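Here's the structure we're looking at; comments come further down.
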Amino acid sequence: MRDDLFKHMAVSFIIASLLCIPFQFSNSKPLLIGEATVTLGIGLGKEIHDNRNGGTGWDWADLGYDALGVGLAVGLHYLTGELWKNR
């Protein structure tokens, strides 16, 4: 696996996790969907920047690993929210 793919996943996981913090207190599914959308938008913006400004170019694998990081964060926060709610 390319080293930068892990970085894409890790950074997306961290950003999504930080944005998930309000979800832990409100348990609002639209809020959870919104944070996932914002995080994926950041990854998409980076790819557009890479493609337009002489960077590394467009890479679907990068976006896939961004989505993986977001999915892991959302899943983790959803499950912990459900566990916390059912305590």
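For (1) within 17 Å of the chain's Cα centre (by Cα); (2) touching a residue at least 40 places away in the same chain (Cβ under 8 Å), each residue gets a yes or a no:
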{"residue": "Ile42", "(1), (2)": "yes, no"}
{"residue": "Gly45", "(1), (2)": "yes, no"}
{"residue": "Arg52", "(1), (2)": "no, no"}
{"residue": "Gly57", "(1), (2)": "no, no"}
{"residue": "Ala61", "(1), (2)": "yes, yes"}
{"residue": "Tyr65", "(1), (2)": "yes, yes"}
{"residue": "Gly75", "(1), (2)": "yes, no"}
{"residue": "Tyr78", "(1), (2)": "yes, yes"}
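Okay, residues lined up against (1) within 21 Å of Leu5 (Cβ to Cβ); (2) of a type outside the set (Asp, Glu):
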position: Ile33; (1), (2): no, yes
position: Ala36; (1), (2): yes, yes
position: Thr39; (1), (2): yes, yes
position: Asp59; (1), (2): yes, no
Identify the single condition in (1) modelled with pLDDT of 90 or more; (2) surrounded by fewer than 16 Cβ atoms within 10 Å (Cβ to Cβ) that Thr39 does not satisfy, given that it satisfies every other one. (2)
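The values are calculated or read from the model by the stated rules, or taken from the named source; none is laboratory data. Worth saying up front: this structure is predicted, and the values here are computed from it rather than measured. Glycine gets a Cβ as well: all are built from the backbone with ideal geometry, and neighbour counts include every protein chain shown.
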